[in-house]
Amino acid sequence: MSIRHDTREGWLLEAVGHTGPLFLRHGYVVPNIHVTCGWPSKGGLARKKRRVGECWAASASKDGVSQIFISPYLDDAGAEQGVLATLVHELVHAVVGNKEGHNKVFGKCARAIGLEGKLTATSAGEALLAEFKEWLAVLGKYPHSKLDSCKSPTKKQTTRLIKAECECGYNVRVTRKWLEEVGAPICPHNKKAMKFEIPDELEQEDDA
C-alpha cells in the first residue's frame, strides 16, 4: 500500500472525513475535530492497561473543538484495535460527549457503528473492518512507525517506595525490587499477605 500523506496528522484528518458517512447512517453527526498522533495524558506509556487513544472535550480547547490523540504505539491502521478502530472509538466520545464516559449512551453509538467488546477497550467487528479496507484503499499507508514506550529516552524513577497494606490497617512501604523478587510482606498482626499496587508511572519505567 503506497504512502499518500507526508504527515500522520494529514492522514488522520482525512480518516475522520471517511467516518462521517458511517456515523450519519446511524443518526450521529461527527463534529469538527482536531486529531494528531501523540501519547495520551494518562496510561499512554503503561505496560499494563495501556491507553492508546484519548479524546479531550471541546470545553477543554480554547477554540471549542474536541481534540483526539492516537498513541504512537499504534501503527497497524486496519487492525481490530489499530489506528482506525481507536480513532472511531475516540470519535464516539466526541459525538456523544465526554461527560457520558463509557455508559449506555456511549455504548449505543459504539455498537451501532460496529465496535465490539468491552466498552472501555473496544475492537472493530467484521463489518467495521470491511469499512476500514475501503477507507485504506483511498487513504494509503499510515505514515508512522511504532514507538516502543519501554525504550523511552527519559529514565524513570525506580526506587520509589510502594505502599503495602493489610485489611486490618497495618501498612508499610517497600521497594518494587523486593515486591517483585519475594512478594508481598506479611502482616505481623494477622499473618496475612498484604496487598499492594504498582502505580502506572512505575509500570512505565525503562528497565534498560
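Bear in mind these aren't lab numbers, they're just calculated from the coordinates by the rules spelled out. What you see is a predicted model, and the numbers here were worked out from it, not measured in a lab. So basically every Cβ, Gly included, is an ideal-geometry build from the backbone, and we count neighbours across all protein chains shown.
The table below gives the values:
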{"item": "Residue list for segment 110-126, restricted to those being without any contact (Cβ under 8 Å) to a residue 60 or more places away in the chain, surrounded by 11 or more Cβ atoms within 10 Å (Cβ to Cβ) and assigned to a helix (DSSP H, G or I)", "result": "Ala110, Arg111"}
{"item": "Where Arg111 falls short, out of the listed (1) in contact with a Leu (Cβ under 8 Å, 6 or more places away or on another chain); (2) within 21 Å of Tyr28 (Cα to Cα)", "result": "(1)"}
{"item": "Candidates Val88, Val92, Val105, Val96 - the one that is surrounded by fewer than 22 Cβ atoms within 10 Å (Cβ to Cβ), in contact with a helix residue (DSSP H, G or I) (Cβ under 7 Å, 6 or more places away or on another chain) and under 13 Å from Cys55 (Cβ atoms)", "result": "Val96"}
{"item": "Subset of segment 53-92 [more than 22 Å from Ile3 (Cβ to Cβ) and part of a loop (DSSP other than H, G, I, E, B)]", "result": "Ala57, Ser61, Lys62, Asp63, Gly64, Val65, Glu80, Gln81"}
{"item": "Hits in segment 131-150 - residues which are within 21 Å of Arg51 (Cα to Cα) and either hydroxyl-bearing (Ser, Thr, Tyr) or not in a loop (DSSP other than H, G, I, E, B) (or both)", "result": "Tyr142, Ser145, Ser149, Cys150"}
{"item": "Per-region count, segment 51-76, residues buried (at least 22 other Cβ atoms within 10 Å of the Cβ) and over 22 Å from Pro31 (Cα atoms)", "result": "1"}
